[in-house]
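Step one of this worksheet: look at the structure below.
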Amino acid sequence: MPETVSPPRVEDALKPARPPLHKVILLNDDYTPRNFVVRVLKAEFRMDEGSALRVMMTAHGRGSCVVAVFTREIAEEKATRATEMAVKEGYPLRFTTEPEE
């Protein structure tokens with residue numbers, strides 16, 4: 001009696017989990033000039049003038065605004081660099097990060 005040969009089992013390929021994303025948030029202050037905020041947004045987050053103005057005005061009106069979403073490492077790096085740009089110029093402008101839900 002011939003042996004029955006079954007096809008080899010193919011393991012379900014495990015897809016790597018997507019890394020958790022983090023939001024970069026611009027915190028409003030009443031001292032940093034608007035044109036400087038726009039300059040930082042354009043330089044660090046590669047925004048065009050119109051997008052940078054909208055983000056700046058949203059933060060001004062609401063107290064904060066999500067600037068962009070990245071992996072944690074990139075979000076923290078960008079928030080740190082943007083905040084350091086302000087500190088270097090003597091402004092209290094701050095960027096922070098938090099996990100995206």
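Under 8 Å between Cβ atoms, at least 6 apart or on separate chains: pull out the pairs that start in segment 47-65 with a residue that is loosely packed, with under 13 Cβ neighbours inside 10 Å and end on any residue that is part of a helix (DSSP H, G or I).
Listed pairs, sorted by first residue: Asp48/Lys42; Glu49/Val38; Glu49/Lys42.
Just a yes or no: is a residue in segment 46-57 acidic (Asp, Glu), at pLDDT 95 or above and within 19 Å of the chain's Cα centre (by Cα)?
yes
Across segment 60-101, what is the number of residues that are among the small types (Gly, Ala, Ser), under 24 Å from Arg18 (Cβ atoms) and part of a strand (DSSP E or B)? Before you say what the answer is, go through the steps one by one.
Pass one, segment 60-101, residues among the small types (Gly, Ala, Ser): 61, 63-64, 68, 75, 79, 82, 86, 90.
Next, from what is left, pick out any that are under 24 Å from Arg18 (Cβ atoms): 68, 75, 79.
Of the ones still in play, those that are also part of a strand (DSSP E or B) are 68.
Looking only at that region, the number is 1.
Quick test of your reading of the structure: Ala17 fulfils all but one of (1) surrounded by 10 or more Cβ atoms within 10 Å (Cβ to Cβ); (2) at pLDDT below 95; (3) aliphatic (A, V, I, L, M). Name the failing condition by number.
In the conditions (1) surrounded by 10 or more Cβ atoms within 10 Å (Cβ to Cβ); (2) at pLDDT below 95; (3) aliphatic (A, V, I, L, M), Ala17 misses (1) alone.
Tell me, which residue of segment 68-101 that is within 22 Å of Thr58 (Cβ to Cβ) and of a type in the set (Lys, Arg) is surrounded by the most Cβ atoms within 10 Å (Cβ to Cβ)?
Filtering segment 68-101 for residues that are within 22 Å of Thr58 (Cβ to Cβ) and of a type in the set (Lys, Arg), the one surrounded by the most Cβ atoms within 10 Å (Cβ to Cβ) comes out as Lys78.
The values are calculated or read from the model by the stated rules, or taken from the named source; none is laboratory data. From a predicted model like this one, the values you see are computed outputs, not experimental measurements. Positions of Cβ are backbone-derived with ideal geometry, glycine not excepted, and every protein chain shown enters the neighbour counts.
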